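Q: The following block contains the structure, expressed as structure tokens.
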Amino acid sequence: MTGQLVCHCQLVETDGHGLVLVDTGFGSRDVDDPYGRMSPLFVNMNRIQLDHRYTALEQVRNLGFSPRDVRHIVLTHLDFDHAGGLEDFPEARVHVLRAEAEEAEVRQGFIHRRRYRPEQWDEVRDWRFYDPSGENWFGFNSVRDLDGLPPEILMVPLPGHTMGHAGIAIDTPEGWLLNAGDAYFYRHEMDEEPSCTPGLLAYQTLMEENRAMRLRNQERLRDLANDPSTNVRIFCSHDPVELEALQRLSTGWRPLYAESVPIPRYS
């Protein structure tokens, strides 16, 4: 039995800063040459369904924009399913935590060599790297003052899935949105009494860099998600139900559907 996941990106329309893309999902070159740009292990294990119409590039075009209108890309992390479209936006400045860039450059170990794919970003020339410290944001450290970006967008370090993994928080008129990336995979992990399908639990365990950090950050996110006084809406990168709900509410920012990935649930 399998479950359907998505690769959820956000497109933010800013005042004077151009378009900001949060993660890129799979890119057009991944569609054209999946085995040349991604690990055959993950292509086959995840049974990735690649189609140009679902890339962030085509979604941006369908909204009436040019890829050159995307001036900034803010990454939760550099895994192959989050950074595959970087080269589709040649004018963009790419923002990522320094620890993530360093891990991706070294690519040490079996999983690292397969999750991080330099072929997906070797043409990117405008990088900005950040250290995981800064002002407090609802009990989390945050990185503010991202170079060239408005103060309403900030990084929230959430190590565990990778050591340079981050959430991306956006201050909207309706309250804060926190894209938690791969800090969790399944919406019910944010319930007061959390649950997760066995397949997604196994996949998260396979991909985790530091289990204690990952579970601690999940716990902290869960506390935040269940505190109505904060007015923070949290979502992850891969839950299709969360994506559909956000697509219905988008105002001033647009959640993009990048591509679906079936992941075993194991009933």
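The values are calculated or read from the model by the stated rules, or taken from the named source; none is laboratory data. This is a predicted model, so every value here is computed, not measured. Note that we place each Cβ from the backbone using ideal geometry, even for glycine, and neighbour counts take in every protein chain shown. Calculation scope for accessible area: heavy atoms of the full protein, side chains included, ligands and nucleic acids excluded. Shrake-Rupley method; radii C 1.70, N 1.55, O 1.52, S 1.80 Å.
Q: Within segment 38-58, can you find the residues that are among the hydrophobic types (A, V, I, L, M, F, W, C) and either without any contact (Cβ under 8 Å) to a residue 40 or more places away in the chain or open to solvent by less than 60 Å² (accessible area, probe 1.4 Å) (or both)?
A: 38, 42, 43, 45, 48, 50, 56, 57 - these are the residues of segment 38-58 that are among the hydrophobic types (A, V, I, L, M, F, W, C) and either without any contact (Cβ under 8 Å) to a residue 40 or more places away in the chain or open to solvent by less than 60 Å² (accessible area, probe 1.4 Å) (or both).
Q: Across segment 79-116, what is the number of residues that are modelled with pLDDT of 95 or more and within 18 Å of residue 147 (Cβ to Cβ)?
A: So the answer is 12.
Residue-wise test of (1) farther than 30 Å from residue 41 by Cα; (2) touching a Ser or Thr at 6+ places or on another chain (Cβ under 7 Å); (3) among the small types (Gly, Ala, Ser).
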{"position": "148", "(1), (2), (3)": "yes, no, yes"}
{"position": "151", "(1), (2), (3)": "yes, no, no"}
{"position": "185", "(1), (2), (3)": "no, no, no"}
{"position": "194", "(1), (2), (3)": "no, no, no"}
{"position": "203", "(1), (2), (3)": "no, no, no"}
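Q: Right, here's the next one. Under 7 Å between Cβ atoms, which residue pairs at least 6 apart in sequence (or on different chains) link something in segment 200-213 that is touching a residue at least 40 places away in the same chain (Cβ under 8 Å) with a partner that is aliphatic (A, V, I, L, M) and open to solvent by less than 70 Å² (accessible area, probe 1.4 Å)?
A: Pairs found: 200/263; 203/263; 207/111; 209/163; 210/163.
Q: Where residues in segment 59-101 are under 19 Å from residue 153 (Cβ atoms) and of a type in the set (Phe, Trp, Tyr), which of them is surrounded by the fewest Cβ atoms within 10 Å (Cβ to Cβ)?
A: 65
Q: Right, here's the next one. Which residue is farthest from residue 86 (Cα to Cα), if the candidates are limited to segment 124-158 and must be open to solvent by less than 30 Å² (accessible area, probe 1.4 Å) and in a loop (DSSP other than H, G, I, E, B)?
A: Here the answer is 142.
Q: Something else: State whether the residues of segment 221-239 include one that is more than 17 Å from the chain's Cα centre (by Cα), open to solvent by less than 70 Å² (accessible area, probe 1.4 Å), closer than 28 Å to residue 110 by Cβ and among the polar types (S, T, N, Q).
A: Within segment 221-239, not a single residue is more than 17 Å from the chain's Cα centre (by Cα), open to solvent by less than 70 Å² (accessible area, probe 1.4 Å), closer than 28 Å to residue 110 by Cβ and among the polar types (S, T, N, Q).
So that you can scan it fast, the table gives a plain yes or no per residue for (1) touching a Leu at 6+ places or on another chain (Cβ under 8 Å); (2) among the polar types (S, T, N, Q); (3) closer than 25 Å to residue 12 by Cβ; (4) modelled with pLDDT of 95 or more:
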| site | (1), (2), (3), (4) |
| --- | --- |
| 155 | yes, no, yes, yes |
| 158 | yes, no, yes, yes |
| 167 | yes, no, yes, yes |
| 175 | no, no, yes, no |
| 179 | no, yes, yes, yes |
| 199 | no, no, no, no |
| 209 | no, no, no, yes |
| 241 | no, no, yes, no |
| 253 | yes, no, yes, no |
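Q: Could you please find all residues in segment 191-213 being within 17 Å of the chain's Cα centre (by Cα), open to solvent by 10 Å² or more (accessible area, probe 1.4 Å) and farther than 16 Å from residue 4 by Cα?
A: Listed by number, the residues that qualify are 208, 209.
Q: Please find, within segment 4-37, the residue that is farthest from residue 117 (Cα to Cα) out of those that are surrounded by fewer than 24 Cβ atoms within 10 Å (Cβ to Cβ) and polar (S, T, N, Q).
A: Within segment 4-37, the match that is farthest from residue 117 (Cα to Cα) is 14.
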